[in-house]
Structure formats: structure tokens, C-alpha cells
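Report on one structure; see the data block that follows.
The values are calculated or read from the model by the stated rules, or taken from the named source; none is laboratory data. Predicted, not measured: the structure shown is a model, and the values here were computed from it. Quick reminder, even Gly has a Cβ in these numbers, built from the backbone with ideal geometry, and neighbours come from all protein chains shown. Accessible surface is based on the protein model in full, side chains and every heavy atom, while ligands, DNA and RNA are left aside. Shrake-Rupley method; radii C 1.70, N 1.55, O 1.52, S 1.80 Å.
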Amino acid sequence: MCGIVGYTGARVAEPVLIEGLQKLEYRGYDSAGVCTVEASGAMHLRRAMGKLAALRARLATEPCPGSTGIGHTRWATHGKPSEHNAHPHRYEGVTVVHNGIIENHRALRAELQAEGHTFSSETDTEIFAHLVARERRGGASLHESVRGAVRRVHGAYALAVLDERCPGEIAFARLASPLVVGLGDGENFLASDVPAVLEHTRRFVFLEDGDTGTITAAGLTLTDVDGRPLSREATQILWSAVMAEKGGHKHFMHKEIAEQPRAVTDTLRGRLGLGDGDVTLDGVDLDVLARAKRIVITACGTSWHAGLVGRYLVEQLARVPCEVELASELRYRDPVLSDDTLVLAISQSGETADTLAALKEAKRRGTMVMSICNVIDAAIPRACAPDGSGKAAGTLYTRAGPEIGVASTKAFVTQLVALHLLALQLASVRKTMTKQALAGDLQALAELPMAIEGLLDGEDAVKAAAARYVAARDMLFLGRGLLFPIALEGALKLKEISYIHAEGYAAGEMKHGPIALIDEHMPVLVLALPGPGYEKVISNMEETRARGGRILAVVDTDDHALDDQVEALFRVPARHPRTAPVLATIPLQLFAYHVACLRGLDVDQPRNLAKSVTVE
Ligand code: M6R
């Protein structure tokens, strides 16, 4: 999830690009770069590792003249954060910035290398500079060359391309990654997101999948990939600058909840073999995985909840014994960790001190290690990078993009997806699933983004329900099996942003103590989705109702058995038991969000919390 900006007009491009990148830094910040071109065709490229401040410092002594340029702030997906992997990438006078993932970049790289191309980065993006340059050699215009290049790639891209032979022009293309054109007076802009250039214009063309074109100071040319002209209405943006930074959402948390269909799509991209009924886990050493006789998942907070779901998936699908342990406990427990154990650390930030310490302790004891992480090349993935010992299996990255709200939402959902993929991979290696069963899970995963989209459309009903519980002092969340961790997560979301005391419980445990708490002041949210525990959960619900408890329930779309038995119902299309946890999470996130908003609280930065907990 990188940030792109482009400018062409009469001003000096560099400050416009840098200010635009500053507004896009929330999209990624492991390196940044700009490239400008002067009317003479002189091209200037500057890149720096780290946050934008490092690039600014570089430009202070080595400015980039020219009134046309492109810029980029990077969130690494292929190739670790470094200056040589920073965008823009250049080849034969063509420079490119890109946001997205190119799935067939290895095959294209091999094809180009066979023709004599040499590459200077490990990124998928550099492919574009080479493909465009190759088309240009054949005499095609810049726009035609970009169309030719995108026809060769599979994946997602928002692309901006400069060529020193056509100063004053920026070509672009978009598929499954955001890109907007800002229309100015004698100048035009490109950006991943409106806020980047909102101080210069309020007229925007929101590009759609398959759009390609060019901007010059004089105007915009827009076609489809085959060169057929397109016209798109410009939209007048009325947002304030602060609203624009959050994409028009009131809070980052809300924006991040809304981004989940995209985040899941990206996490699945290139990993689902729907046709051949298999999964492809990039960045993971399958030989190490194959040697694991036991898996110990370790994590904190929300990531630990994801781990609890992961245990069910790994044991159910791959029949590998799996335990889950809080990282802060594992380290000090003197655990039995043999060398055929794989310790799997899960972390959004990749920097959580407890998780990192547990992982290092596991390594010290000679276990195999692996991580699931959202931030490329953070400390936890670095500790799991293959090092020749045959013990480090690498990292399976979630591709949620930067998560800014302290309450984790899209990172959790993508962790569930990554764990499901990992369990399927293990099952495939161990042949514990039939081809048909595997295909069923892959299909259910592929359907998730659309199903989440549908749940987000039902937000108003969740908000209305939230209004009834704003004054609650306590709340219980109950679930069984795969839904027990979701009960824990629903309770954590509510407590951390609304400050309502909330507990998640395994529904079957109610009668062993917590049922004593039930009265009309204790709302109970029951996760009652189809599956082996359904009848029992309904019984637990009845026991609660009989004691005056107020019930909210998450039920399957087609289940009407509880319609007149509960105060509030959240319906989710839980057709597949192993993707149901993801879907059940969405209304719980929205519920917590709206309760906290209605209580007038600081949703994005709740009291006493930090996004990344780097102390033990
Ligand atoms: O970055 P990590 O996933 O390692 O962070 C772990 C927890 O600190 C984190 O999930 C925390 O519980 C969130 N605030 C929950 O929303």
C-alpha cells in the first residue's frame, strides 16, 4: 500500500511532490523517492531509505529541477526496504512509481533477463520500467508503451511513468489499486489519494480499473487498455483537509474497517490456486514447514486472538498439534521446545517487545521459527529470515497496509486469512485434505472480500443497535470453537475504545461461574453461527435469557430461529465454517466503533494505549 504522486505544470515540481508525499506517508514510509524532468529532457532522480524526512534532507543539498515529476512513498511488498528498492525505478530513460503487487514478475524478469536486461532492485515494480522501455524501443508512444506493458502483467497496479524523451507528460494506468487525477488550471496532478493534492485543486477524476492515460499541463487523455477513448466525470471534493487524510472517514479505525475487502484481496493475491486447488505461500520455506511436528503460536492482544483461530485451523486441516501461548508468558515459563517444534510469531507491527523476546528465546532453544506480520522487514520478520541454518521458515506477510488506529481491525482479519492459507499449505504438504475439501476452502476465501463488502453495507443496523448499549457498564461475548477467539476479540475491541468492561468467554464455561453475573444490566453478545457448537450455544443463550440477561446475537443470514428471542441481531453469510470467524468479526468491530463514537471517545487513540508496544 504505497503512495504515489505526480505533477505537471508551470511550477517547480519537487515541492508539490514532497508535500503530496507527506500527506500520503500514512500509506507507507520505509523509503521514498522523486524523479523530475526538465523541458530539456534532463532527468533527476533522488531516493532515500526511511521516512520522507530522509529524502527531504537529501533534496536540500541535491534539489530536483523541472516542472514535471513523480514521487513515491513505499510500503515494501517485494524486496526489503532499502535505497535500491525505493521507487522511482529507472531503465533507459523511463522511470516508474507503482503501488500494488505484480504476481508474474518472476517470469517477466526471467524473460527480460534472457533478452539482456539487467535489474538493479529486487522489486516487482522494476519490471514496468523495463517493459515500457522495451515498447518504447519499438517506436510506441509513452501511453501506448504503458498499455503494452500492463497487458503483460497479472496483479494490481497504480502506475505513473515518466520518460526523458517526452518531458511535460506523465503516463498512468490503474488496476485494483487507487489512483486519482487532480485537474488544475494549466497544471494537472496524479495521486493515490485525494489529500495529497487537495491544497492545489478540488476537482478530481477517480480512475477505474483498466483506465490508462496521460496528463500534461494542458489536459488529461484517458483510454482503456486497448486505446479506446474514455470519458469520466470530474468530482468536486468538499472534504476538509483532515477528513481527506482519513479518506472522508471520521476516524482511521472506520477507514481501516472499510478497507478490509481490499486488504483481504491483497493478502490472497497470487496465493490462491483456484484452478489447481493449491496455495502458494511466497516468502515461506516449505522444507522447514514440512519438518514441523508441533506448532507453538505466540503473540499478544489481537494477534493472539488470531493465533487462537489459527490453532483450530492448523489442527483441523493439517492435523499438526498446535498450541497458542501469550508471548509475555511463553518466555518466562521455561517451555518444552524441541527442535522439531515450529514457533510461529504473529504480529501486526513486527516490533512488539514481548513477541520478539519470546521468538528470540525460542530460537535460543533451537526451535524452527516463522512469522506472520504486516510490516515488511520489521524486527520479528528479520528474526525469522532464512539464515542458512534450516531453522528459519521466513514470513508470511499480511498485506493490510499501514494500520494507524490503535484498535487493530484490518490487520486481524488479514491475519485470519494468512493463518487459513498456512493451514491449507500444511494440509496440502501432509495430504490431510482431499482436493475437493481444499478447493472448498479456497473458494470460501476467494468469496470473502465480497461478503465483507456486504456486511459493511449493513453498518446502519449495527449503529442503531450500538445506540441501545451506550450506557452499558459491562458486557459479555460468548462463542464456541472457532468463534470463541472472536468473542475474545469482540470484547477487546469494545473495552479498548469504549472503556466498557467486556469479557469474552467460551460459551460452555458460562455455567462454571460467569452466569452468576447475569442480570438485566449485563448485555450478552452470543456468536450463534452454524456448526457443531450451534445447539449448545443456543442452550447457553437460553440459560442467560432465563436469568434476565439481554441478548444480542450474531447469526447466519438464513437463520430466523432467534428472531423474536433477542434484542439485536447481526446477520452474516456464514456458509463456510472456516471463514465464518472473519465474517463474524465485522459487526463486532462496527459495534465497538459506534458505541465508542456515541460515547464521544477518542477512537483512534484510546487512553493509556500505544499502537506498537515496544516495552516488555
Ligand atoms: O503489533 P502486534 O500485532 O504485535 O500488537 C499486539 C497487540 O499489542 C495489539 O494487537 C493490541 O492488542 C491492539 N491494540 C488490539 O486492538
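The table for this structure:
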item: Failed item in (1) farther than 28 Å from Ala10 by Cα; (2) in a helix (DSSP H, G or I); (3) hydrophobic (A, V, I, L, M, F, W, C), with Val225 passing the rest; result: (2)
item: Restricting the stretch 519-544 to residues that are assigned to a strand (DSSP E or B) and in contact with a helix residue (DSSP H, G or I) (Cβ under 7 Å, 6 or more places away or on another chain), the residue that is nearest to Ala592 (Cα to Cα); result: Leu525
item: Pairs with Cβ under 7 Å, 6+ apart, first in the stretch 345-358 and closer than 16 Å to Gly394 by Cβ, second small (Gly, Ala, Ser) and near the ligand (Cβ under 7 Å from one of its atoms); result: Ala345/Ala299; Ile346/Ala299; Ile346/Ser303; Ser347/Ala299; Ser347/Ser303
item: Unique match (being part of a helix (DSSP H, G or I) and within 12 Å of the ligand (Cβ to nearest atom)) among Leu421, Leu416, Leu356, Leu442; result: Leu356
item: Selected residue (only one of Ala171, Ala218 is outside any helix (DSSP H, G or I) and surrounded by 20 or more Cβ atoms within 10 Å (Cβ to Cβ)); result: Ala171
item: Residue ranges of strands (runs of 3 or more DSSP E) in the stretch 1-91 with at least 2 members open to solvent by 30 Å² or more (accessible area, probe 1.4 Å); result: 43-49, 89-91
item: Val37 being more than 31 Å from the chain's Cα centre (by Cα) and either at pLDDT 95 or above or not small (Gly, Ala, Ser) (or both); result: yes
item: Some residue of the stretch 290-306 being free of Cβ contacts under 8 Å to residues at least 24 places away in the same chain, open to solvent by 40 Å² or more (accessible area, probe 1.4 Å) and not assigned by TED's automatic domain parsing to the domain that holds Glu103; result: no
item: Residue match in the stretch 312-325 (condition: open to solvent by 20 Å² or more (accessible area, probe 1.4 Å), within 30 Å of Gly531 (Cα to Cα) and within 16 Å of the ligand (Cβ to nearest atom)); result: yes
item: Pair list, Cβ under 6 Å, 6 or more apart: the stretch 74-95 residue of a type in the set (Ser, Thr, Tyr), other residue modelled with pLDDT of 80 or more and open to solvent by less than 20 Å² (accessible area, probe 1.4 Å); result: Thr77/Ile101; Tyr91/Ala129; Tyr91/His130; Tyr91/Ala133; Thr95/Cys35; Thr95/Pro88; Thr95/Leu162
